[in-house]
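Undergrad: I have a structure here, written as structure tokens, and I will follow up with some questions on it.
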Amino acid sequence: SIKLPRPRKFLKPLISFSFCLFFAYSLFYHYILKDLPSPSVLATRSVPLTTHIRDRSGTELYKVFSSQNRTLIKFSDLPPSLIQATLAIEDKDFYSHNGYSTKGVLRALWKIISQGRLEGGSTITQQLVKTSLLTPERTFKRKLRELILAVAVEAKYSKEKILEMYLNRVSYGGSAYGI
């Protein structure tokens, strides 16, 4: 006859493991996921735009803006060379990742471990999330939230829409925002 283990023998470790798992999830939820903004906000959040004053023939006379000089442009209106240049400089693997670069994450982790400082390595999607949904603080918590949101944004929007939102929101220095 086959001898089965006594259920009591496994009960205590199972309860301990369940408690540890629950505690770890609770900690993760309260520290990272609580109050995480929705990726849906990216498409609906308004950005400050420049007012263009034109004469009757359409010639621009003035631009009026407070702190951000920005005019939205559709993805289809962007020249291919601009898109290629942006991807070459900012995120050459944009079309082949799901919101984050494994190499970039590993490089950043190595810098944290070896030098004790946070380092870049963000994809275009992560930069969009950081500038549009999160604060610019340089903390491990913000970086982890950025990573989670980047994956969610990639699941919700097309690559072209992400690139369009990025190019319309990124700072180009001074008061110039967006391409």
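Undergrad: Identify, by number, the condition in (1) assigned to a loop (DSSP other than H, G, I, E, B); (2) under 30 Å from F140 (Cα atoms); (3) at pLDDT 80 or above; (4) touching a helix residue (DSSP H, G or I) at 6+ places or on another chain (Cβ under 9 Å) that V47 doesn't meet.
TA: Of (1) assigned to a loop (DSSP other than H, G, I, E, B); (2) under 30 Å from F140 (Cα atoms); (3) at pLDDT 80 or above; (4) touching a helix residue (DSSP H, G or I) at 6+ places or on another chain (Cβ under 9 Å), only one is false for V47: (3).
Undergrad: Here is a follow-up. Within region 107-151, count every residue that is modelled with pLDDT of 85 or more, more than 21 Å from K34 (Cα to Cα) and among the hydrophobic types (A, V, I, L, M, F, W, C).
TA: 1
Undergrad: Going by the structure shown, is L61 over 30 Å from the mean Cα position of the chain (by Cα), modelled with pLDDT of 80 or more and either loosely packed, with under 10 Cβ neighbours inside 10 Å or of a type in the set (S, T, Y) (or both)? It would help to see each step written out before you state the result.
TA: Working: over 30 Å from the mean Cα position of the chain (by Cα): yes; modelled with pLDDT of 80 or more: yes; either loosely packed, with under 10 Cβ neighbours inside 10 Å or of a type in the set (S, T, Y) (or both): yes.
So L61 passes the test.
Undergrad: Still on this structure, I have one more. State whether the residues of region 15-30 include one that is at pLDDT 85 or above and either at positive phi or surrounded by 14 or more Cβ atoms within 10 Å (Cβ to Cβ) (or both).
TA: Checking region 15-30: not a single residue is at pLDDT 85 or above and either at positive phi or surrounded by 14 or more Cβ atoms within 10 Å (Cβ to Cβ) (or both).
Undergrad: Scan region 123-179 for residues that are over 22 Å from L72 (Cα atoms) and assigned to a loop (DSSP other than H, G, I, E, B) and jot them down.
TA: T135, P136, E137, R138, T139
The values are calculated or read from the model by the stated rules, or taken from the named source; none is laboratory data. Note that this is a predicted model, so its numbers are computed, not measured. Because the Cβ atoms are built from the backbone with ideal geometry, glycine has one as well, and the counts that use them run over all protein chains shown.
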